[in-house]
Amino acid sequence: TAALELRSVDAWYGPVRALEGVGFTVEEGRIAALLGPNGAGKSTTIKAITSAVRSAGSVTFRGAEIGGLPTHRVARLGIATVSSDRGTIPGLTVEDNLRVGAVAGRGRRVADQRERVLGLFPDLRGMLRRPAHLLSGGQQQMLAIGRALMSRPHLLILDEPSQGLAPVIVRSIFATLKDLTAAGEITVLIAEQNAVASLAIADTAVVLSGGTVRARGPAAEIRAST
Ligand code: ADP
Ligand code: ADP
């Protein structure tokens with residue numbers, strides 16, 4: 001079944017149309033890559049899902065229409081987003097960043113969910129008391145993803161997670177995302193200019209350019225055609 005489905009989504013910044021007729025589905029428990037060059041409309045597509053841009057068309061999440069729902073209500077449905085600036089809180093320690101991430105969350109004790117997150121990103125375990133801004137870029141990305149996972153989302157959306165990171169770090173973080181979906185309980189949408197890294201873990205891919213879908217299908221097919 002589809003976790004996320006976009007149908008004929010248009011989006012505007014003032015009078016300027018940034019998306020036109022965007023449509024794709026992401027199956028439950030799968031990883032989808034949202035690809036395309038700078039300015040293609042990847043971030044705007046994410047904003048259309050979270051109601052952070054003026055848009056039209058249909059966005060359904062686990063069968064329910066969420067297009068136009070206020071952003072805070074979208075988060076409460078179990079959609080967590082990691083923005084391209086990562087959005088960890090610099091003055092707070094790793095531990096407190098994780099705790100803040102749990103605030104929007106559903107059930108389960110914070111300590112239990114923190115253990116699961118630290119299991120995914122063991123590097124963070126030794127630096128729980130460290131302020132987030134003293135972490136390396138890769139560690140900050142791990143913290144940003146970990147923080148998003150603290151809310152136990154059904155759908156995790158990442159905007160350019162590889163940005164500014166060494167290829168070896170990107171592979172490690174992406175491998176962790178793959179592990180996370182292996183149990184089939186979380187769905188991941190990754191917006192990336194880095195098609196090679198994201199297609200290596202994605203099940204399906206959507207290629208945007210100029211605000212429209214240029215190609216979509218199984219990741220292996222998109223990989224072969226790019
Ligand atoms: P991507 O994430 O693929 O780099 P974006 O979704 O950020 O692309 O941008 C899609 C188009 O929308 C681009 O032409 C960009 O210039 C425009 N755009 C993005 N953000 C804004 C904004 N806040 N105001 C006006 N235009 C914007
Ligand atoms: P439930 O019993 O509510 O279905 P699950 O234990 O199946 O709870 O997992 C629910 C949520 O926990 C997932 O949607 C996901 O957000 C998060 N999650 C799943 N696996 C992990 C993991 N290994 N580490 C951190 N969070 C996870």
- THR71: open to solvent by 30 Å² or more (accessible area, probe 1.4 Å) and within 16 Å of ligand 1 (Cβ to nearest atom), yes or no? yes
- Query: Looking at region 132-165, which of the residues that are touching a Pro at 6+ places or on another chain (Cβ under 7 Å) and either within 16 Å of ligand 1 (Cβ to nearest atom) or more than 26 Å from LEU34 (Cβ to Cβ) (or both) is most open to solvent (accessible area, probe 1.4 Å)?
  - Reply: HIS133
- Query: What about THR88, is it more than 16 Å from ligand 1 (Cβ to nearest atom), of a type in the set (S, T, N, Q) and surrounded by 18 or more Cβ atoms within 10 Å (Cβ to Cβ)?
  - Reply: yes
- Message: List pairs: first residue in region 99-116 and on the phi > 0 side of the Ramachandran plot, second residue basic (Lys, Arg) and modelled with pLDDT of 85 or more anywhere in the structure, Cβ distance under 8 angstrom, at least six positions apart or on different chains.
- Response: GLY107/ARG152; ARG108/ARG152
- Task: Might you check whether a residue that is within 30 Å of ARG17 (Cα to Cα), surrounded by fewer than 20 Cβ atoms within 10 Å (Cβ to Cβ), charged (D, E, K, R) and touching a residue at least 12 places away in the same chain (Cβ under 8 Å) occurs anywhere in region 199-207?
- Result: yes
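Restrict the check to region 185-193 and report whether at least one residue is closer than 25 Å to ALA18 by Cβ, open to solvent by 20 Å² or more (accessible area, probe 1.4 Å) and out of contact with any Cys (no Cβ under 6 Å at 6 or more places or on another chain).
Pass one, region 185-193, residues closer than 25 Å to ALA18 by Cβ: 187-193.
Imposing the further condition that a residue be open to solvent by 20 Å² or more (accessible area, probe 1.4 Å) reduces the set to 193.
Then drop every residue that is not out of contact with any Cys (no Cβ under 6 Å at 6 or more places or on another chain), which leaves 193.
So far as region 185-193 goes, yes, one or more of its residues are closer than 25 Å to ALA18 by Cβ, open to solvent by 20 Å² or more (accessible area, probe 1.4 Å) and out of contact with any Cys (no Cβ under 6 Å at 6 or more places or on another chain).
Let me confirm something: among GLY14, GLY41, GLY36, GLY21, which residue is within 16 Å of ligand 1 (Cβ to nearest atom), open to solvent by 40 Å² or more (accessible area, probe 1.4 Å) and touching a residue at least 24 places away in the same chain (Cβ under 8 Å)? Let's see the steps before the verdict.
Values: GLY14 fails: touching a residue at least 24 places away in the same chain (Cβ under 8 Å); GLY41 fails: open to solvent by 40 Å² or more (accessible area, probe 1.4 Å); GLY36 fails: open to solvent by 40 Å² or more (accessible area, probe 1.4 Å).
Step by step, each of GLY14, GLY41, GLY36, GLY21 is checked, and only GLY21 is within 16 Å of ligand 1 (Cβ to nearest atom), open to solvent by 40 Å² or more (accessible area, probe 1.4 Å) and touching a residue at least 24 places away in the same chain (Cβ under 8 Å).
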- Message: Suppose we filter region 142-167 for residues that are small (Gly, Ala, Ser) and more than 13 Å from the chain's Cα centre (by Cα); how many remain?
- Response: 3
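Taking region 44-56 as the search range and keeping residues that are more than 20 Å from VAL82 (Cβ to Cβ) and surrounded by fewer than 18 Cβ atoms within 10 Å (Cβ to Cβ), which one is nearest to ligand 1 (Cβ to nearest atom)? Step through it out loud before you land on a result.
Applying the first criterion (more than 20 Å from VAL82 (Cβ to Cβ)) to region 44-56 yields 54-56.
Add one more test, that the residue is surrounded by fewer than 18 Cβ atoms within 10 Å (Cβ to Cβ), and what stays is 54, 56.
Details: ARG54: 11, ALA56: 16 Å.
Taking the candidates together, the pick is ARG54.
If only one of VAL26, VAL59 is within 16 Å of ligand 2 (Cβ to nearest atom), assigned to a strand (DSSP E or B) and in contact (Cβ under 8 Å) with a residue 12 or more places away in the chain, which one is it?
Numbers: VAL59 fails: within 16 Å of ligand 2 (Cβ to nearest atom).
So the residue among VAL26, VAL59 that is within 16 Å of ligand 2 (Cβ to nearest atom), assigned to a strand (DSSP E or B) and in contact (Cβ under 8 Å) with a residue 12 or more places away in the chain is VAL26.
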- Item | Meets criteria (surrounded by fewer than 22 Cβ atoms within 10 Å (Cβ to Cβ) and within 18 Å of the chain's Cα centre (by Cα)) for THR1 | no
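Taking the options THR71, THR93, THR81, name whichever one is farther than 26 Å from GLY137 by Cβ and not charged (D, E, K, R). I'd like the intermediate steps shown before the answer.
Details: THR93 fails: farther than 26 Å from GLY137 by Cβ; THR81 fails: farther than 26 Å from GLY137 by Cβ.
None of the other options fit; the residue is THR71.
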- Hey, can you tell me all the residues within region 1-10 that are farther than 17 Å from ARG214 by Cα and either part of a loop (DSSP other than H, G, I, E, B) or within 16 Å of ligand 1 (Cβ to nearest atom) (or both)? THR1
- Note on the structure: The correct count of residues that are within 16 Å of ligand 1 (Cβ to nearest atom) and closer than 18 Å to VAL188 by Cα in region 57-68 is 1
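The values are calculated or read from the model by the stated rules, or taken from the named source; none is laboratory data. If you're wondering where the values come from, they're calculated on a predicted model, not measured in any experiment. Neighbour counts are summed over all protein chains in view; Cβ atoms, including those assigned to glycine, are modelled from backbone coordinates with ideal geometry. The accessibility values were calculated without ligands, DNA or RNA, using every heavy atom of the protein model including side chains. Shrake-Rupley method; radii C 1.70, N 1.55, O 1.52, S 1.80 Å.
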